[in-house]
Structures are given as structure tokens and as C-alpha cells.
Amino acid sequence: MALPLMVDRLVHGAEDRALRVSLARAVSADDALLGDTLLGLYSQETDAEVRAALIVGARKHPDAAASLSLLTQGLADPSALVRAEAAAAAGSHPQGASLGDALIAALRGDKDAAVRGAAARSLGWLRLSTASPALTTALSDPSAEVRLTALRALERVDAAAARAAAPRLQADPDPGVARAAKALSQ
């Protein structure tokens with residue numbers, strides 16, 4: 001009974017951003033919310049933080065097709081925050097593997113390091129072997145966090161490729177990457 005009231009407050013209320021974000025998470029995680037309503041809320045929302053919250057809440061939505069559509073839209077969102085949430089959520093989605101090409105594209109070409117890192121992490125969780133070349137390339141990313149995440153993901157996707165790359169990464173300027181590479185080499 002509370003769901004319609006929460007949706008109404010989210011859409012028509014004059015709530016502050018923090019409350020709207022909380023409402024978006026609660027509404028999108030509710031099993032009673034119809035998939036079309038979830039997609040409608042996302043498409044009409046102008047605040048990137050609220051759109052990101054809708055994606056976070058919808059990770060386990062029972063309408064897998066609607067939540068997959070939401071993740072697809074989120075990966076193309078103009079906001080890096082939303083794209084990063086969508087990339088992260090894809091790794092735990094029951095049909096996340098179908099987003100493999102979009103995740104590889106995000107890893108290869110997104111300007112935001114958080115998006116690239118989330119895409120690498122999800123590719124590792126999904127164990128997509130087709131991601132091995134992109135993950136190997138990401139070992140040279142300008143962001144140390146992306147390099148570290150790519151190495152860990154590559155270990156899950158293609159352990160031999162990760163072990164082969166580990167010796168050169170032991171000299172990485174970032175101590176975390178160097179330690180992970182050293183541990184992988186042993």
C-alpha cells in the first residue's frame with residue numbers, strides 16, 4: 001500500500017535530493033513495482049543521483065527484462081555516476097552477460113575511470129572470455145584503480161593471460177597494482 005504513495009512523492013513531491021534518492025532506491029527495489037513503471041520513472045527523472053539510485057534499487061528487480069533495459073539505458077546515460085552504477089549492477093544481473101559488449105565498450109572508451117573500473121569488475125564477475133583482450137588492454141589504463149580492477153577481473157576471465165601480464169605490472173608505479181601482480185606471479 002505504501003508503494004503508490006512513495007512513487008507519487010518521488011514524482012510529484014518537493015522533497016530534497018537525499019530523500020528523493022532514498023525514495024528511488026526503495027521504490028525500485030519493491031517487488032510490486034511494475035517494470036514499465038520503473039522504466040518510466042527513470043526516463044522522466046532529471047536528477048542524475050536519483051537515476052543512479054533507481055539503478056541501484058533495481059539490481060534485483062523481479063522483472064529481469066525491465067531491469068536489463070534500465071541497465072542498458074544507464075550504460076548510455078550522460079552522467080558518469082549513472083553509467084558507473086549501471087556498469088556495476090550488470091555484473092550481478094541474471095542476464096548481465098547479454099550486456100558484455102556494452103561493458104567492453106565502456107571499459108575501452110568511457111572517459112570516466114569509475115565507469116571503466118566498474119565495467120572491468122563486472123566483466124570479471126560475469127567471467128566473459130570475450131572480455132580478455134579489453135581487460136588486457138586496460139592493464140595500461142591511466143588510472144591505477146582501473147589497472148588493479150582489470151588485473152583482478154582478467155584473473156577470473158583468463159588466468160593464463162593475467163599471469164603472463166603480471167611480471168610487467170610488478171613494476172607498476174602504483175603499489176597496489178605492483179603487489180597484486182607480484183602475488184599473482186607467485
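The values are calculated or read from the model by the stated rules, or taken from the named source; none is laboratory data. Keep in mind it's a predicted model, so treat the numbers as computed, not measured. Counting neighbours? That spans all protein chains shown, and the Cβs are built from the backbone with ideal geometry, glycine included. These accessible areas exclude ligands, DNA and RNA; they are computed on the full protein's heavy atoms, side chains included. Shrake-Rupley method; radii C 1.70, N 1.55, O 1.52, S 1.80 Å.
A few points about this structure:
- Expressed as a fraction of 2.2 N^0.38 Å, the C-alpha radius of gyration for segment 50-140 is 0.97.
- Surface composition of the chain: carbon plus sulfur atoms contribute 55% of the solvent-accessible area (1.4 Å probe, protein chains only, all chains present).
- Spread of Cα-to-Cα distances over 5 Å intervals beginning at zero, given as percent, for the chain: 1, 9, 17, 17, 16, 12, 10, 8, 5, 3, 1, 0
- Using the rule -39500 (n - 2.57) for each DSSP H run of four or more residues, divided by the residues of the chain, the 222 nm mean residue ellipticity is -22000 deg cm²/dmol.
- On full extension, the segment bounded by S129 and R163 gains 10.7 nm, given 0.36 nm per residue less the C-alpha separation.
- Residue-span extension gain [R108 to S143] - 0.36 nm each, minus C-alpha spacing: 11.3 nm
- Each of A64 and L34 was given a label point 7 Å from its Cα along the Cα-to-Cβ line. The distance between the two points is 2.2 nm.
- Based on protein heavy atoms only, the chain ends up with 48 Å² per residue of surface accessible to a 1.4 Å probe.
- Equivalent ellipsoid dimensions for segment 76-186 as semi-axes, Å, which come from the Cα gyration tensor, largest first: 23, 15, 10
- The charge dipole of the chain, taken about its Cα centre with unit charges on the Cβ atoms of Lys, Arg (+1), Asp and Glu (-1) only, comes to about 820 debye.
- The listed residues D110, D101, D16, D63 rank as D101, D16, D63, D110 when sorted by accessible area, largest first, using a 1.4 Å probe.
- Acute angle (nearest 10 degrees) that the helix 100-109 long axis makes with the longest principal axis of the chain, alpha-carbon atoms: 70
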